[in-house]
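The values are calculated or read from the model by the stated rules, or taken from the named source; none is laboratory data. Remember, predicted model here, so these are calculated numbers, not experimental data. So basically every Cβ, Gly included, is an ideal-geometry build from the backbone, and we count neighbours across all protein chains shown.
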Amino acid sequence: MAENQSAIAAVLAEIEAERDWVVGLTRDMVRIPSVNPKFQADPAINREADVQALLDPILRDEGFATEQWDALPGRPNLVAERAGSEERSLILCGHIDVVPVGARSEWSVDPFGGDIRDGRLYGRGSIDMKGGVAACVAAARAIRRAGIDLEGRLAIHAVVDEEAGGFGAMDAVKRGKLAKAVLVAEPTWGDVLPVEGGLEWARVTIRGRSAHSALRYNEIYPQRHDKDRLVPGVNAIELAARFIAAVRQYELDRTRARSHPLLPLGMNTINIGVVHGGAGLGENGLPTVMTNPAIIPDAVVLDLDMKFLPDENSADYRRDFESFVHHFAQTDAWLRDNPPDIQWELGGLHFPPLNTPADHPLVTSLVANKTRLGKAPEVRGFVAVCDAAHYAGAGVDGVIYGPSGDGFHGVDEFIDIGSLVETTKVIAATVIDWCGVRR
């Protein structure tokens, strides 16, 4: 890396001389509402295509070959590339969709105004994560304008739909838009995050047998089994209550048994986030009657958000949970013959784990370049999930690094302008370290 120091110095000087450029690009992006339509459908604010239309000519002017395609109907990904060696290739990645604003009355600024106050740029998507995308573009721009020719191929991926599961990045990966490494510029407050756990969305369906609630005594009290006895009901909600308690113990056993040094203890949780209980399982997989307590319910559907550790894999995790469900079913006479059903990848959602070594060259470069500009960063894990997972699942080494701010997914979202400029510098220096300079 030492041979790159003069190139890095030139690029840092270029960024400092035009520090307002990355701020202006972030502001321009924030002023284009690009709310994910899965959360709030309104053409006036679902303008991801307009964000890509802003970025595309900027990237072409900086020597990138650009390509757009619809990852989802009317929702284009943008991939830009400058040719170079595959061995030293790198993707800079960020998403351009944002979550809804919520109640505008709670904001003290226009959510899409891009107001600048006291060193902060406000607006929905400023920190999550249009500022990170702008930092990637500004870093690449400064490298070119400093006259530096990279040896490795540099790509910028501006993708859609991260907030709803990352189907934009998934589509880019399926199309073979890969490299040796990827840097995802999600907000990390200047820390370097080389690991994140995997995530599964699963649906567990527990079946009972419906009956009239007046006949509940026939189910729960001892009865003669003569020829006139009605077939007793089986309350699926009661079965589900026992299952939920068992899942809680299973969760505790797993979190106590294993951990990861870069993540908080117990992050590998299972959240039972949605419960549907009632009678008559419909074609959509949910009970058709959920408002009549006079029916003994015969179906409960549980939707689970399930995290596992970076050094685990999806196949083993699924197999372990399936074994737990099987053994739970053996404790109940009804469930032995009518075991719960497990549906994986609910809604098509699945995040592979990211487990890049802490001594990986991309990690050490980010640490060194951040330290050079100020406080040494912490190397830690990401407790949530992001698009880095989808690239990691395709064998791409990934790291998450980005700016500081607050209010993401809340009100008065902002990005700290000083951290935005610093992030641009750190990313640019790391690009030079990783891709190398053509001599």
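Taking segment 280-324 as the range and being in a helix (DSSP H, G or I) and hydroxyl-bearing (Ser, Thr, Tyr) as the test, the residues that pass are Ser314, Tyr317, Ser323.
Screening Ala202, Ala211, Ala185 for residues that are among the aliphatic types (A, V, I, L, M), outside the structural domain of Ile96 (by TED's automatic domain parsing) and under 18 Å from the mean Cα position of the chain (by Cα) leaves exactly one candidate, Ala202. The residues of segment 339-364 that are in contact with a helix residue (DSSP H, G or I) (Cβ under 8 Å, 6 or more places away or on another chain) and either surrounded by fewer than 18 Cβ atoms within 10 Å (Cβ to Cβ) or farther than 29 Å from Asp171 by Cβ (or both), listed by number, are Pro339, Pro340, Ile342, Trp344, Gly348, Pro357, Pro361.
None of Ala368, Ala389, Ala376 is under 27 Å from Ala315 (Cα atoms) and either hydrophobic (A, V, I, L, M, F, W, C) or free of Cβ contacts under 8 Å to residues at least 24 places away in the same chain (or both) except Ala389. Scanning segment 97-118 for residues that are under 27 Å from Val173 (Cβ atoms), assigned by TED's automatic domain parsing to the domain that holds Phe167 and either out of contact with any Phe, Trp or Tyr (no Cβ under 7 Å at 6 or more places or on another chain) or among the charged types (D, E, K, R) (or both) turns up at least one hit. Cβ separations smaller than 9 Å between residues 6+ apart or across chains give the following pairs from segment 271-283 residues that are assigned by TED's automatic domain parsing to the domain that holds Val234 and farther than 30 Å from Gly198 by Cβ to residues that are among the hydroxyl-bearing types (Ser, Thr, Tyr) and exposed (fewer than 14 other Cβ atoms within 10 Å of the Cβ): Gly278/Thr288; Gly278/Thr291; Ala279/Thr288; Gly280/Thr288; Gly282/Thr288. The single condition among (1) small (Gly, Ala, Ser); (2) over 17 Å from Ala241 (Cβ atoms); (3) not in a helix (DSSP H, G or I) that Gly277 does not meet is (2).
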